[in-house]
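Enquirer: Once you've had a glance at the structure underneath, I'll fire off some questions.
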Amino acid sequence: MIRRALVTLAVLALAPSVAAAAPASREPRLHPGDVSMLPSFVRRVEPSVVGLRVRASEHGASAARLGTRRFGSGLVFDARGYAVTVSYLLLDAVAIEARGRDGRAVPARVVGIDFDTGLGVVKLEGAGPWPAAALGSSQGLAPGARTGTVGVDEDNDLVAVAGSVQAIQPFAAYWEYMLDRAVFVAPASPAWGGSALVNDRGEVVGIASLRLGEAPHVNLAIPVEKFTGVRDELLAAGRVVSRPPRPWLGLYTVEAHGAVVVSDFSPVGPAAGAGFRKGDRIVGVNGVSVGTQREFYEQLWARRAGDTIEVAVQRAGGVVVIAVRSMDRQRLFRAGE
């Protein structure tokens with residue numbers, strides 16, 4: 001049963017109003033039970049939403065932080081059964097079950113992952129054609145624009161939350177990830193990972209990826225153009241080949257007291273054994289001063305994967321320069337069978 005409780009009162013604002021007028025003649029009327037209570041923006045995208053139940057390798061690089069049993073939503077964008085979702089759901093996947101809105105469950109496999117955007121593609125193995133969503137553009141969004149976040153929960157119940165754009169701005173995260181343009185919407189959906197962000201016309205304008213902040217939370221959505229611009233490459237090659245792979249160190253950092261501070265390390269990243277310490281303040285990369293995560297990433301990604309990166313850190317004994325041989329992060333993770 002669809003969780004109507006999650007379709008908030010704000011949803012009603014997205015449904016066209018009906019003028020109260022007496023009919024000129026007696027006509028057959030639909031029974032209330034035959035009329036969908038879902039707003040039009042949900043009805044348009046709902047058939048294309050699938051639930052993705054993922055089993056990841058217990059020996060995989062992502063298992064320690066993400067676990068081996070994962071669940072999220074996906075969105076079919078191609079009638080052949082291709083669906084887009086968030087990349088972290090798919091890392092080290094060894095088995096995926098996709099469940100459609102009709103209740104049908106079929107195997108799926110990873111087709112491609114793009115670490116730069118945080119998106120990935122799976123292929124549903126069941127007979128098609130599959131209902132595909134209309135992909136739009138986030139370029140017309142502005143703060144205050146009405147949106148809906150549409151996904152499913154682990155019981156395959158639809159989770160639809162109406163809201164609005166709170167901000168559109170860059171976003172940087174601790175795991176060497178940054179978007180030059182991200183969409184922040186509220187209220188947050190309790191089923192955010194891989195849910196579709198749609199505008200009030202039912203067009204997909206983003207893929208919800210994260211829940212941020214304290215309650216009441218906001219969702220971060222990745223603009224759909226980040227996907228449509230590389231879709232063909234992901235289907236053909238399993239990764240984006242038109243841009244060189246970014247150098248990855250496996251450094252976890254936070255911004256604190258006006259500095260970029262090392263908070264932890266990936267156990268499988270080259271930084272883990274390079275000599276960094278928790279609490280180190282990163283003050284330079286390859287001879288260029290940095291003071292924010294954004295500046296740190298911009299200087300790091302100015303090089304190529306495999307290059308040696310010189311990171312200057314300040315600690316009690318002064319400034320130390322640590323040389324790290326970077327790597328292509330995609331080599332660590334499974335990309336399907």
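Enquirer: Please compute the contact order of the chain in relative form: average sequence separation of alpha-carbon pairs under 8 Å and at least six residues apart, divided by the residue count, as a percent.
Expert: Details: 820 pairs, mean separation 51.0, N = 337.
Result for the chain is 15 percent.
Enquirer: Hey, another quick one. Per DSSP helix of 4 or more residues, -39500 (n - 2.57); summed, then divided by the residues of the chain. What does that give at 222 nm, rounded to the nearest 500?
Expert: Working: 5 runs with 29 residues, N = 337.
My calculation for the chain gives -2000 deg cm²/dmol from helical runs alone.
Enquirer: A further question follows. Which of the peptides 224-231, 145-152 is most tightly packed, and how do the rest follow, judged by the mean count of other Cβ atoms within 10 Å per residue?
Expert: Values: 224-231: 19.8, 145-152: 25.8.
For the peptides 224-231, 145-152, the packing ranking is 145-152, 224-231.
Enquirer: Could you state the per residue volume, in Å³, of the convex hull enclosing the Cα atoms of the chain? Write down the numbers at each step before the final one.
Expert: Values: hull volume 50.0 nm³, N = 337.
For the chain, the hull spanned by Cα atoms encloses 148 Å³ per residue.
Enquirer: For the stretch 146-225, with equal point scatterers placed on the C-alpha atoms only and solvent neglected, what are the log10 I(q)/I(0) values from the Debye formula at q = 0.11, 0.17 1/Å, to two decimals?
Expert: -0.25, -0.60
Enquirer: On the principal axes of its Cα set, how long, how wide and how thick is the stretch 184-337? Give whole Å, largest value first.
Expert: 58, 40, 27
Enquirer: Using the Cα atoms of the stretch 222-291 to build a convex hull, what is its mean projected area in square nanometres?
Expert: 6.9 nm²
Enquirer: After finding the eigenvalues of the alpha carbon gyration tensor for the stretch 247-332, what semi-axes result from the square roots of 5 times each, listed largest first in whole Å?
Expert: On the way: eigenvalues 70, 38, 29 Å².
Here the semi-axes work out to 19, 14, 12 Å.
Since every read-out is calculated from the coordinates, none of them should be taken as a lab result. Bear in mind the structure is a predicted one, so any value in this text is a computation, not a measurement. Positions of Cβ are backbone-derived with ideal geometry, glycine not excepted, and every protein chain shown enters the neighbour counts.
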